[in-house]
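See below for the structure under consideration.
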Amino acid sequence: MRLAGKVAVITGAGAGIAEASAEIFAREGARVVVAEIDEEKGTNVAARIGEHAFFVHTDVTNESSVEYLMQQTMAKFGRIDVLFSCAGGSVVNDSVVTEVDMDVWQKTIPLDLMGPFLCARHGIPHIIACGGGSVINVSSVVALERKSSGPRLPSGEGRANFLHT
């Protein structure tokens, strides 16, 4: 129970790495805030984890939504010890820069860049006020890979490589 008494806010916790991380955090004793834009997925994950989880419908690209997430977390648990920013997205096959679909680009960048930024902006003051903690920005190895087929676009996956909190 390495995380007993800690509170972890996990964005994108309705699926994938964030979902698995939410389960591990809870198993290690943390109270987990399942922050997810998909209400059904978020509710299901929180229900599966049980009494140590709390779902907050969150759009990490919307500042008011992120502020609400932090306010609800503080109201429910009175603290934030860990901010685990994992909400993100990319296209199935990232394109060559000169060919990327601009609609996809315009949806991906706010999610991959603004999401972690807004969560840090509104989460860190609470973490500091509670005596410190951890901010974890999850990215993908795609940000570090060089594709041999020309200049490729790894969307916003490099976010954790430059957003230092």
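The values are calculated or read from the model by the stated rules, or taken from the named source; none is laboratory data. Source: prediction; values computed, not measured. Cβ placement follows ideal geometry from the backbone for every residue including glycine, while neighbour counts extend to all protein chains displayed.
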I want to confirm something. Restricting to the range 78-90 and keeping residues that are surrounded by fewer than 20 Cβ atoms within 10 Å (Cβ to Cβ) and at pLDDT 95 or above, which single residue is nearest to Pro110 (Cα to Cα)? Arg79
Boolean, Arg146 is at pLDDT 95 or above and among the charged types (D, E, K, R): no
Please indicate, with yes or no, whether at least one residue in the range 38-54 is touching a Lys or Arg at 6+ places or on another chain (Cβ under 8 Å), over 22 Å from Ala4 (Cα atoms), touching a residue at least 24 places away in the same chain (Cβ under 8 Å) and surrounded by 16 or more Cβ atoms within 10 Å (Cβ to Cβ). no
Pair list, Cβ under 6 Å, 6 or more apart: the range 11-34 residue within 10 Å of His52 (Cα to Cα), other residue of a type in the set (Ser, Thr, Tyr) and crowded, with 23+ Cβ neighbours inside 10 Å: Val33/Thr73
How many residues, within the range 9-36, are assigned to a helix (DSSP H, G or I) and touching a strand residue (DSSP E or B) at 6+ places or on another chain (Cβ under 8 Å)? 5
Answer yes if at least one residue in the range 16-30 is at pLDDT below 95 and among the hydrophobic types (A, V, I, L, M, F, W, C), and no otherwise. yes
Among (1) within 16 Å of the chain's Cα centre (by Cα); (2) modelled with pLDDT under 95; (3) among the aromatic types (Phe, Trp, Tyr), the one test that Trp105 misses: (1)
